[in-house]
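All remarks here apply to the structure that follows.
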Amino acid sequence: MLQRTTRLTLVEQIALQMEGLIESGKWEIGMRIPAEPELMAELNVSRNTLREAIRALTHAGLLKTKQGNGTYVCSSSVLGVVLQKRILRSETQQTLEVRHALEREGALLAAQRRTSDEARALLLVLERCEGAVERGDIDGYVTEDIRLHQSVIAASHNDILIELYGHIAETLRDLISSLTRREVGAVYLEVHRQLVEAIVRQDADRAVAAVHHYIAESKAAISGSEREGHEPA
């Protein structure tokens with residue numbers, strides 16, 4: 001039997017309004033939200049109600065309060081928080097398999113749908129990746145590598161895929177950083193160049209093949225590291 005729905009409390013209503021500001025992008029990740037007096041006036045609520053709403057969103061993982069420095073947005077949606085926590089609990093091989101699935105489809109669609117502007121942007125990010133490696137700037141390379149893969153996904157023009165990948169991209173930073181310190185070199189960079197050039201040429205088969213290649217290299221690097229870690233001293 002269907003049950004009668006309950007009305008939302010004022011705290012829940014305020015929390016939903018604030019969540020909407022986050023999900024819409026008006027409050028971006030990393031942004032410090034307005035101070036309490038400003039929010040109280042804008043939302044027409046008491047300090048206690050506002051604080052309860054902020055506490056609820058903090059518990060959900062959307063906001064983070066820094067003592068003496070305000071409250072900041074740390075995720076764009078509750079779904080993002082759930083995905084990030086799940087990835088952090090997962091084995092590296094499983095995480096790579098999910099990354100493989102998303103990036104393979106993203107590369108295929110990007111090759112079919114990319115615009116001229118997106119093609120130029122991909123080439124520019126690739127150049128920054130290569131420049132970071134030449135300088136020996138591993139942290140800079142990791143940042144540009146994540147940006148490159150996000151740009152590929154963005155060129156897929158699939159909003160759901162873009163949102164899913166956006167939620168997990170930063171969570172993958174530690175994994176990518178770890179792999180980069182083992183793998184980065186001429187061969188690895190060449191595979192990324194093959195990926196970008198295939199998308200620019202709108203060659204979907206070669207774009208997918210490039211993803212298969214660098215994911216296989218990543219899996220091999222992890223397996224090798226695990227074998228070394230289990231060898232007797």
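The values are calculated or read from the model by the stated rules, or taken from the named source; none is laboratory data. The structure presented is a predicted model; accordingly, all values stated were derived computationally and were not measured. As a convention, Cβ positions derive from the backbone with ideal geometry for all residues, glycine included, and neighbour counts pool all protein chains shown.
Give GLU190, GLU197, GLU170 a once-over and let me know the one that is modelled with pLDDT of 95 or more and acidic (Asp, Glu).
Values: GLU190 fails: modelled with pLDDT of 95 or more; GLU170 fails: modelled with pLDDT of 95 or more.
Sole residue among the options that is modelled with pLDDT of 95 or more and acidic (Asp, Glu): GLU197.
If we only count helices (runs of 4 or more DSSP H) wholly inside region 36-129, which ones have 3 or more residues that are more than 16 Å from the chain's Cα centre (by Cα), buried (at least 18 other Cβ atoms within 10 Å of the Cβ) and assigned by TED's automatic domain parsing to the domain that holds ALA198? Can you show your working first?
Details: elements: 36-43, 47-60, 78-88, 92-113.
So the answer is 92-113.
I need the full set of residues from region 151-160 which are in contact (Cβ under 8 Å) with a residue 12 or more places away in the chain and either surrounded by fewer than 17 Cβ atoms within 10 Å (Cβ to Cβ) or not in a helix (DSSP H, G or I) (or both), in order please.
Residues of region 151-160 that are in contact (Cβ under 8 Å) with a residue 12 or more places away in the chain, as a first pass: 151-158.
Across region 151-160, the qualifying residues are ALA155, SER156, HIS157, ASN158.
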